[in-house]
Amino acid sequence: MIHSMTGYGKSVLQLPNKKITIEIKSLNSKNLDLNARMPSIYREKELSLRKLIANTLERGKIDFSIYVEITGEETTTQVNKTVIKQYIKQLKDIVDGDETELLKMAVRFPDALNTERDDIDEDEWQAILNEINVALNNIDIYRLDEGKALETDFRIRLKNIETLLEQVIAMDPERIEGVRERLRKGVEELKEKVDENRFEQELVFYIEKFDITEEKVRLKNHLDYFNAALSSDDSNGKKLGFIGQEIGREINTIGSKSNYAPMQKLVVQMKDELEKIKEQLLNVL
């Protein structure tokens with residue numbers, strides 16, 4: 001079952017004095033590109049969090065955020081009264097101003113406010129970690145749902161290419177006969193007497209260069225392989241991308257060898273379907 005790299009997961013934890021919101025967003029990327037935003041108190045847990053997220057989401061451009069909203073009376077920021085009084089005193093030596101205005105200036109100066117750094121409460125962190133796992137599970141469900149939509153589209157495109165290939169196979173004898181007739185007509189227009197046996201030998205040799213039997217077989221095998229990979233237990237966008245390249249190689253070879261306008265039109269349609277597959281493959285995990 002394939003997964004998309006696009007997803008969103010969210011979880012909210014309500015504690016007695018604070019509300020903690022965890023958000024995870026992901027977009028497509030060739031590798032893992034993780035950006036983490038969180039309050040400084042939780043920074044010591046960042047490495048373990050990155051490992052958890054990387055193991056769970058594997059690949060993509062990921063934004064992980066922890067937002068904390070204080071809902072109680074608790075605060076870790078205190079007014080440094082002594083420092084502020086000294087600032088006001090120094091300001092009065094410079095200008096005779098209103099104390100309220102001087103206070104507004106003083107609180108903007110360095111060290112006017114003290115922020116105490118509390119140690120992480122392990123019980124609180126365990127509750128947060130549980131919610132992070134909930135958010136990761138939510139984004140995984142989102143990615144799976146997106147993957148199902150992609151899989152449906154892939155199978156439609158693959159079926160379209162397979163139908164076009166069947167038309168190519170049905171048209172191939174007519175194409176070869178057309179090549180044979182063009183060559184014979186060209187020789188006849190020369191009005192030269194030719195050895196029929198030699199002509200037939202050269203004709204067979206020439207037509208062999210336009211033979212697409214191997215390409216038809218390989219293209220069908222690649223289409224079957226792509227379908228089988230979509231049904232596998234893992235989600236491997238890179239593997240599907242490689243198979244897509246092989247499909248494109250066979251389609252291009254058929255086009256270059258066809259030398260027949262009706263068949264080339266079918267090849268153009270196959271290329272169009274494959275291009276749509278490649279665009280969507282960029283989103284597969």
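The values are calculated or read from the model by the stated rules, or taken from the named source; none is laboratory data. Here the structure is a predicted model, which means the values were calculated and not measured. Heads up: the accessible areas ignore ligands, DNA and RNA and are worked out on the full protein's heavy atoms, side chains in. Shrake-Rupley method; radii C 1.70, N 1.55, O 1.52, S 1.80 Å.
Probing with 1.4 Å while keeping every protein chain in the model, the per residue accessible area of the chain equals 61 Å².
Element breakdown for the chain at a 1.4 angstrom probe: carbon and sulfur atoms account for 50% of the accessible area.
Compared with the dominant principal axis of the Cα atoms in the chain, helix 261-281 is inclined by about 20°. Can you give me the orientation-averaged projected area of the convex hull built on the Cα atoms of region 14-66, in nm²? For region 14-66, the mean projected area of the Cα convex hull comes to 3.9 nm². Using every pair of distinct Cα positions in region 210-279, the Kirkwood expression returns a hydrodynamic radius of 12.7 angstrom. Using a cutoff of 8 angstrom between alpha carbon atoms and counting only pairs six or more residues apart, the relative contact order for region 1-146 works out to 37 percent. Stokes-Einstein diffusion for region 133-285, with the hydrodynamic radius set to the Kirkwood value over Cα pairs and evaluated at 20 °C in a medium of 1.002 mPa s, equals 119 µm²/s. Of all lysines in the structure, those lying under 26 Å Cα to Cα from residue 239, and not within fewer than 8 positions of it along the same chain, are 25, 30, 51, 61, 148, 159, 216, 220, 271, 276, 278.
Across region 93-171, counting alpha-carbon atoms alone, Rg and Dmax equal 32.2, 99 Å. Expressed as a fraction of 2.2 N^0.38 Å, the C-alpha radius of gyration for region 1-96 is 1.71. Entry note, the chain: the mean residue ellipticity at 222 nm calculated from DSSP H runs of n ≥ 4, each adding -39500 (n - 2.57), is -21500 deg cm²/dmol after division by the residues and rounding to the nearest 500. Where the alpha-carbon atoms of region 28-142 are placed on the principal axes, they occupy 64, 34, 22 Å, in descending order. With q set to 0.08, 0.09, 0.13, 0.17 Å⁻¹, the log10 of I(q)/I(0) for the chain, from the Debye formula over equal scatterers at the Cα positions, is -0.61, -0.68, -0.95, -1.21.
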